[in-house]
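The structure appears below as structure tokens.
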Amino acid sequence: MRRGFWLFLLLFGAASASAKSLHWRALDVTARLEADGTLRVREHQAMVFDGDWNGGERIFKLRRGQSLEVTGMARDGVPMTQGDTNEVDHWALNGGQLRWRSRATSDAPFDNKEIAYDIDYTLRGVLENHGGGKYVLNHDFAFPDRVGDIQQFSLRLDFDPAWRDVTQVVLTHGHLVPGESVIVKRDMRYAGSGEPSSAPAPVSKLVGHVIAFSLLGALILVTVLWYQGEKRVGRMDPLLPTSQIDESWLREHLLSLKPEVAGAAWDDSVGAPEVAAVLARMAQEEKIRTQAAGKVLSMTMLVDRESLPSYEKELMRKFFFDGGTETDTERVKDHYKSTGFNPGKIVEEGIKPQLERLPAWQQKESRHQWRFVLLLYVAAIALMVWGASVSDASRGWVFGLGFASLFLAAFGGVVAAANANGFGKVGLRLFGIGLFGLPIAIAAIELSLHGGEMDLPIMTPIGLSFLALGLWCLLLEILRTSHGTEKLAFRRRLASARQYFIEQLRSQNPNLRDEWFPYLLAFGLGNNVDRWFRSYGGTTTHDSTSGWSSSSSSSSSSSSSSGWTGGGGAFGGAGATGGWAVAAGTLAAGVSAPSSSSSGGGGGGGSSSGGGGGGGW
């Protein structure tokens, strides 16, 4: 036990010997605000060192637009030398950090040694310019980030006569603990000549709320205006109720078109469904004979290929690449594996003239407001650059949100473009672009509400608000349809026919005809047909590898039809087990070209100026 006692004393003595402390017996500040806006300050620091301190330091918190010049230092009234701080009574300024040496490393540690230092310095840019000749001094004359207490503080602040509505400030504090500040805030009017040095004022709480709610209101307004514009051209009109659709209506509005043309007009694109519809139609017209086995579709030419019209001839030339009369999915894939093959492109080139001959197809709407979007972005960039140039606190937000908006605009633009000419599900389409367009707006609102706490000048939240509004308007403009009223009505009739087919395929006895099967494929309903056959078509036995042809001579001649069997008995029930439709879809999707790309790896603060820290090192 005695050994433990002596060990405790030894450790306690070692800890006491190595401890050091620092406090200020007094900090006396005299300052004067000159006519040109510069603040000249002398700090008299009576510092008490205890321990092996090298010397003292004064850390100045400088905002963007402010500058500091230390004009001299003295120790106990004796001038000190600017230079190498390895030498006693030398001082050096590095950015906002002023350091000086008080003890050589070979000297004994301080023992409650009081040393008085006088620091003379000039600050520029401490004023906040509120416009109209009105300025605000909002300055911390102490340094809260310090290691010890200030036992006595005094301040005398004088103003040049050019500053009106303000008088001399004299104040004292008996005791300041670390973290406590002495902030002086005065509203003044400038009556001198020229322009005093100043920085933009941080955004006030009231102005921040006005900016935030203005942005929110603007976002709602442009969205409402976009909705009304789309509604005017009929984009929001509902589909025709399926109860009003019958065979006569289908003949007038759908069956007069080739199935691939109807499919392309419905979704405003050409792909595998349209190619599959072409193959189904050609099989109906007995130009080819097909046979499905799993995902492999075999085809046999039944007519002279050169006698086929336009894109049918080109499509068959690509499928029957060797000039023969037999081909299948595997042979096509193997032949084009090194070059790629997109049959949809061939069909698209072929049916484009047919679409353009439709009366409503040429109608275009020119309602985009690109100039307004550009104006918003120009204003946003100007204000953001201005804010970043005068405020360190703004710089990170400006560059961070600026670059983030580029990525959000790119990806959001892709989503908006993909939905630009779709109708229905407007809320879902707006939600889709909202995932990309609204994060910047949320950030701008947050910065507007709390910008004053982060020393943000007013132009920063305004600039970011313009950026957020510009991004949202950009995505809305991309989402805006370019189709006219008649074109939208035409496509909506096709969508109504598609919805009719979907509802009929939910019934055990659908009011459909087998020769309409190419239209179902063109509308992307091959899987719906397959589900119908698996649910209701089991009473008839079909061979999934059987060929499919039709006695009808065209896709629109249905007077002799015997109704719906799932796409045609000779076809095997239109893909009872994912047969023909799946095999045709696989072939119609084409062959992807081999990829040539390679993969690789790879602070807060108050709104006042001044302040900072002090202590030893």
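The values are calculated or read from the model by the stated rules, or taken from the named source; none is laboratory data. It should be emphasised that the depicted structure is a prediction, and the values quoted were computed from it without experimental measurement. So basically every Cβ, Gly included, is an ideal-geometry build from the backbone, and we count neighbours across all protein chains shown. Surface areas here come from the heavy atoms of the whole protein model, side chains and all, with no ligands, DNA or RNA. Shrake-Rupley method; radii C 1.70, N 1.55, O 1.52, S 1.80 Å.
Among the residues in the stretch 250-262, are any under 27 Å from GLU356 (Cβ atoms), open to solvent by 40 Å² or more (accessible area, probe 1.4 Å), at pLDDT 90 or above and under 41 Å from the mean Cα position of the chain (by Cα)?
No, every residue in the stretch 250-262 fails to be under 27 Å from GLU356 (Cβ atoms), open to solvent by 40 Å² or more (accessible area, probe 1.4 Å), at pLDDT 90 or above and under 41 Å from the mean Cα position of the chain (by Cα).
When residues of the stretch 286-295 are filtered for being surrounded by fewer than 18 Cβ atoms within 10 Å (Cβ to Cβ), of a type outside the set (Lys, Arg) and on the phi < 0 side of the Ramachandran plot, how many remain?
1
Criterion first (over 17 Å from the mean Cα position of the chain (by Cα), open to solvent by 10 Å² or more (accessible area, probe 1.4 Å), modelled with pLDDT of 90 or more and among the aliphatic types (A, V, I, L, M)) does ALA410 satisfy it?
For ALA410, the condition - over 17 Å from the mean Cα position of the chain (by Cα), open to solvent by 10 Å² or more (accessible area, probe 1.4 Å), modelled with pLDDT of 90 or more and among the aliphatic types (A, V, I, L, M) - is not met.
What tally of residues in the stretch 447-466 results from selecting those that are open to solvent by 30 Å² or more (accessible area, probe 1.4 Å), within 21 Å of VAL385 (Cβ to Cβ) and either of a type outside the set (A, V, I, L, M, F, W, C) or in a helix (DSSP H, G or I) (or both)?
3
What number of residues within the stretch 35-67 satisfy the criterion of being crowded, with 17+ Cβ neighbours inside 10 Å and under 22 Å from SER391 (Cβ atoms)?
So the answer is 11.
Count, please, the residues in the stretch 117-152 that happen to be of a type outside the set (Lys, Arg), open to solvent by 20 Å² or more (accessible area, probe 1.4 Å) and assigned to a strand (DSSP E or B).
Adding up the residues that qualify gives 6.
For the stretch 168-194, which residues satisfy the criterion of being part of a loop (DSSP other than H, G, I, E, B), farther than 30 Å from ARG25 by Cα and open to solvent by 90 Å² or more (accessible area, probe 1.4 Å)?
SER193
Residue check, SER389 against (1) under 22 Å from THR460 (Cβ atoms); (2) open to solvent by less than 50 Å² (accessible area, probe 1.4 Å); (3) over 21 Å from the mean Cα position of the chain (by Cα), all met but one. Which one?
Condition not satisfied by SER389: (2).
Go through SER197, SER214 for me and flag whichever is of a type in the set (Gly, Ala, Ser) and assigned to a loop (DSSP other than H, G, I, E, B).
SER197
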